[in-house]
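Enquirer: Questions regarding the structure given below will be posed in turn.
The values are calculated or read from the model by the stated rules, or taken from the named source; none is laboratory data. Predicted model only: the values in this text are computed from it and were never measured. Because the Cβ atoms are built from the backbone with ideal geometry, glycine has one as well, and the counts that use them run over all protein chains shown. Side chains are part of the model used for accessible areas, which takes the heavy atoms of the whole protein and leaves out ligands, DNA and RNA. Shrake-Rupley method; radii C 1.70, N 1.55, O 1.52, S 1.80 Å.
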Amino acid sequence: MDARYNPRDTDADLKLIRSALLFQDLPEEAVAEATSHVVSRRHPANQVILLENDWGSSVYFILEGWVKIRTYNLDGKEVTLNILGKGELFGEMAPLEEVPRSTDVITLVPTVIGSMPASDFVKLLNTQPLAGIRLSQLMARRLRQVNRRLRLRESDSTSRVADIILFLADGQGHRSTSGIEIPNLPHRELSSLSGLARETVTRVLSKLEKKGLIVRDKDLMSIPDINALERLLV
């Protein structure tokens, strides 16, 4: 069952929410008002946060952990559209369009999520033009990522797996002493993102690791030289 954080944790969560791109360079008073009703909750792995066709009463910020955005194709096969991590938001489109949700959102690992009432989110966009620009920038980045993946849909398996890794690095990568770190996702998620069989993904990842292009441990995957990985794209 979900559990609310205590007030001390909530203060830390609000600080993280306010550091999101959406609030960048906005007046402090506007940010404080928009986040005044945010509630944070902890969710276990593999928990459904949103379901397709739900109505949008909240907008969500990821404070810790990872979620996947999924839908189903005409054959009923699950398709992973995106992976989002700390600092990202989701569920922002349904309140704006006043239509039901178009995708499911599911946690991949234990995850902390802050929920903002949709009315507060819409009010922020109506009163702070810069917030609308920030949201447009976020949408443009996601569209660019999807376009790149579609261009490589007919490429060889190595290029497609490398592109998914680069896609995750672009959206969720963090620099460290060992290179750029991304979540070490289950192979089934990489399979769904790339459109390849799970066995093919496993084989390509092993090949990339042997070449030193990636380094994997339990929770993280490191990319020592991202330029070398990009050279695999054809």
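Enquirer: Which value in deg cm²/dmol, rounded to the nearest 500, describes the helix-derived mean residue ellipticity at 222 nm for the chain, given -39,500 (n - 2.57) per DSSP H run of n ≥ 4 and division by the residue count?
Expert: Here the helix-only value at 222 nm equals -13000 deg cm²/dmol.
Enquirer: Restricting everything to alpha-carbon atoms, can you work out Rg to Rh for the chain with a Kirkwood hydrodynamic radius?
Expert: 0.98
Enquirer: Ignoring ligands, DNA and RNA, how do 43, 187, 37 rank by accessible area with a 1.4 Å probe, largest first?
Expert: From most accessible down to least: 37, 187, 43.
Enquirer: Measuring from centroid to centroid over Cα atoms, what is the spacing of segment 140-172 and segment 84-125 in Å?
Expert: 23 Å
Enquirer: Give the ranking of 93, 139 by solvent-accessible surface, highest area first, calculated with a 1.4 Å probe.
Expert: 93, 139
Enquirer: Next up: Which lysines have a Cα less than 24 Å from the Cα of residue 218, not counting those fewer than 8 places away in the same chain?
Expert: 68, 86, 207, 210
Enquirer: Show me the chymotrypsin sites (Phe, Trp or Tyr not before Pro) within segment 22-107 that DSSP assigns to loop and that have at most 14 other Cβ atoms within 10 Å of their Cβ.
Expert: 55
Enquirer: Sticking with the crude label model, points 7 Å out along Cα→Cβ, report the distance from residue 137 to residue 96 in nm, one decimal please.
Expert: Here the answer is 1.5 nm between the modelled labels.
Enquirer: Which distance in nm do the two modelled labels at residue 24 and residue 157 give, with both placed 7 Å along the Cα-to-Cβ direction?
Expert: Inter-label distance under the simple model: 3.8 nm.
Enquirer: Could you work out how far apart the two model spin labels at residue 51 and residue 174 are, taking each label as a point 7 Å from the Cα in the direction of the beta carbon, and quote it in nm?
Expert: Taking the simple label geometry, residue 51 and residue 174 are separated by 3.3 nm.
Enquirer: Counting GluC sites (Glu not before Pro) as exposed when in a DSSP loop with at most 16 other beta carbons within 10 Å, what is the longest stretch of the chain free of them?
Expert: 155-234
Enquirer: If I take R0 = 22 Å and measure r between the Cβ atoms of residue 203 and residue 225 in this structure, what FRET efficiency does the formula 1/(1 + (r/R0)^6) give, to the nearest 0.05?
Expert: Computed FRET efficiency for residue 203 and residue 225: 0.55.
Enquirer: With the Cα gyration tensor of segment 138-234 giving a ≥ b ≥ c as the square roots of its eigenvalues, does the rule (a/c under 1.5 for rounded; else a/b larger than b/c for prolate; else oblate) give rounded, prolate or oblate?
Expert: Taking the square roots of the gyration eigenvalues as a ≥ b ≥ c, segment 138-234 is rounded.
Enquirer: List the trypsin sites (Lys or Arg not before Pro) in segment 143-210 that DSSP assigns to loop (not H, G, I, E or B) and whose Cβ has at most 10 other Cβ atoms within 10 Å. Which are they?
Expert: 153
Enquirer: Select from the chain the helices, each a whole stretch of DSSP H, whose alpha-carbon atoms run 20 Å or more along the helix axis and whose Kyte-Doolittle mean is at least 0.0; answer none if there are none.
Expert: Answer set is 157-172.
Enquirer: Where the centroid of each part is defined by its Cα atoms, how far is segment 209-228 from segment 63-81 in Å?
Expert: So the two Cα centres are separated by 24 Å.
Enquirer: A follow-up question, please. By accessible area of protein heavy atoms, probe 1.4 Å, what ranking do 226, 83 get, highest first?
Expert: Putting 226, 83 in descending order of accessible area: 226, 83.
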